[in-house]
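Written out below as structure tokens is the structure these notes cover.
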Amino acid sequence: MDSLFFKEEHKMIQKMVCDFAKDEILPKAKELDKNEIFPKEIVKKMGQLGLMGMNVPSKYGGSALDTIAYATAIIELAKADASVAITMASHTSLGTLPLLLFADERLKNKYLPKIASGEILSALGLTEPHAGSDTKSIKTTAIKVGKKYIVNGGKIFITNAGEAGLLSFTSRVVDGGNDRGIGVFIVPTDVKGLRIEEKENKMGWKASDTRQVYFENMEVGSSDMLYAPKNGINKFLKGLTLGRISIGALSVGTATAAYQKAMVYSKDRIAFNKPINHFQSNSFKLADMAIKIEASRLLVYHAAWLKDKGEKFIKEAAMAKLYASEAAMEITREAIQIHGGYGYVHEYDVERFFRDAKILEIVEGTSEMQRLTISREIIKDKMA
């Protein structure tokens with residue numbers, strides 16, 4: 001199936017990342033998960049391979065690769081450890097993308113080379129306690145005072161926040177006492193007035209870094225506004241649609257890893273004098289898993305292909321994210337079922353895959369929000 005979308009460079013990237021994941025990530029994945037260790041050395045090596053700057057143009061030191069290549073890398077990383085995959089994906093599709101899409105040359109030249117090399121990680125603050133899917137309900141404010149803005153508020157569930165050197169964030173912009181709408185700013189994480197909380201204790205993605213951040217009379221220069229309110233926040237949010245392809249790809253990788261473990265176990269486990277994959281109750285489970293993975297891959301690569309062609313892909317990205325994430329949850333659950341009691345203990349990786357899968361139905365827009373997006377798009381297409 002990959003041949004429908006792959007060129008020779010995609011095959012080379014797939015092999016490179018697959019080999020890297022097997023050599024550098026898989027041997028450490030259990031330990032990283034158990035002890036909730038952020039994979040600093042692995043991230044550093046990914047930077048050296050060019051993975052942290054896959055979508056960055058070569059003039060800024062990036063790899064300048066397309067979305068098919070990017071999705072392929074995420075799939076291969078997620079097959080080894082979803083925490084490593086989401087660290088790269090958040091850095092690329094959330095932390096880096098606003099700079100690529102909206103920053104002026106001064107900011108691009110200042111930050112992109114360090115981002116592309118992996119010298120610094122990037123993060124994006126969107127979600128607030130009362131503003132998740134409803135992005136326009138954010139309470140963080142940036143009040144203009146002279147040539148600066150004074151920012152107060154907070155963000156939650158920010159991936160890479162404790163390890164990032166650079167943070168972009170959304171805020172209501174107040175000028176002359178009037179709310180001008182939502183803008184986007186960028187700051188180094190050592191700026192005075194930025195407080196980064198302790199790492200969240202999560203169900204899954206335990207090696208990834210997720211935190212709350214607070215802005216306490218933080219000063220930001222007018223030149224550090226990435227995106228002005230006058231442009232409308234919807235345009236900014238549409239620019240982040242790549243994140244849905246990221247989560248779709250991450251879902252494919254997680255599901256594939258669980259399926260492969262289930263296949264091996266069902267072949268080796270003997271019951272009633274034959275391998276348990278000879279029993280229809282298990283063989284049908286494996287068949288359904290294989291179908292859902294194949295369908296998920298097709299949806300993810302189709303959305304990536306459309307993006308690379310410069311065509312609309314909002315609906316397709318939502319479909320890929322929705323289907324692949326829900327499939328990953330089902331596949332990891334069934335992988336545990338095939339393993340029986342062994343699937344419930346840490347020694348066997350399928351319980352980790354299951355814990356890592358649940359969040360896929362939530363981040364980058366819940367399943368419910370994806371269905372809302374898809375329904376709007378198909379109705380719009382019908383009326384066109």
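The values are calculated or read from the model by the stated rules, or taken from the named source; none is laboratory data. Source: prediction; values computed, not measured. Virtual Cβ from ideal backbone geometry, glycine too; neighbours counted across all protein chains shown.
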Point to revise | Residues within region 175-198 that are on the phi < 0 side of the Ramachandran plot and surrounded by fewer than 17 Cβ atoms within 10 Å (Cβ to Cβ), tallied | key: 11
Review point. Going through region 324-354 one residue at a time, which ones are part of a loop (DSSP other than H, G, I, E, B) and of a type in the set (Ser, Thr, Tyr)?
Key: 348
Check your understanding: When residues of region 168-195 are filtered for being free of Cβ contacts under 8 Å to residues at least 60 places away in the same chain, among the aliphatic types (A, V, I, L, M) and within 23 Å of residue 117 (Cβ to Cβ), how many remain?
Key -> 2
Point to revise | Selection count where residues are in the same structural domain as residue 39 (by TED's automatic domain parsing), among the basic types (Lys, Arg) and within 30 Å of residue 318 (Cβ to Cβ), scope region 106-154 | key: 1
**Study point:** Selected residue [touching a residue at least 12 places away in the same chain (Cβ under 8 Å) and surrounded by fewer than 23 Cβ atoms within 10 Å (Cβ to Cβ)] from 329, 289
**Key:** 329
Review point. Which of the residues that make up region 310-324 are touching a residue at least 12 places away in the same chain (Cβ under 8 Å), more than 12 Å from residue 240 (Cβ to Cβ) and surrounded by fewer than 23 Cβ atoms within 10 Å (Cβ to Cβ)?
Key: 315, 323
Exercise for review: Quick one: count up the residues across region 262-274 that are surrounded by 15 or more Cβ atoms within 10 Å (Cβ to Cβ), modelled with pLDDT of 95 or more and either over 29 Å from the mean Cα position of the chain (by Cα) or not in a helix (DSSP H, G or I) (or both).
Suggested key: 2
Check your understanding: Quick one: would you say residue 327 is under 17 Å from residue 75 (Cβ atoms) and among the aliphatic types (A, V, I, L, M)?
Key -> yes
Exercise for review: Assess whether residue 249 counts as being under 22 Å from residue 116 (Cβ atoms), assigned by TED's automatic domain parsing to the domain that holds residue 317 and in contact (Cβ under 8 Å) with a residue 40 or more places away in the chain.
Suggested key: yes
Check your understanding: Inside region 87-143, can you point out the residues that are over 24 Å from residue 59 (Cα atoms), in contact (Cβ under 8 Å) with a residue 60 or more places away in the chain and touching a strand residue (DSSP E or B) at 6+ places or on another chain (Cβ under 6 Å)?
Key -> 125, 140, 142
Exercise for review: Specify the residue that is surrounded by the most Cβ atoms within 10 Å (Cβ to Cβ); the eligible residues are those in region 115-133 that are among the hydroxyl-bearing types (Ser, Thr, Tyr), outside any helix (DSSP H, G or I) and in contact with a helix residue (DSSP H, G or I) (Cβ under 8 Å, 6 or more places away or on another chain).
Suggested key: 122
Revision key, fill the gap. Here, strands (runs of 3 or more DSSP E) confined to region 156-261 with at least 3 residues that are in contact with an Asp or Glu (Cβ under 6 Å, 6 or more places away or on another chain) are 210-221
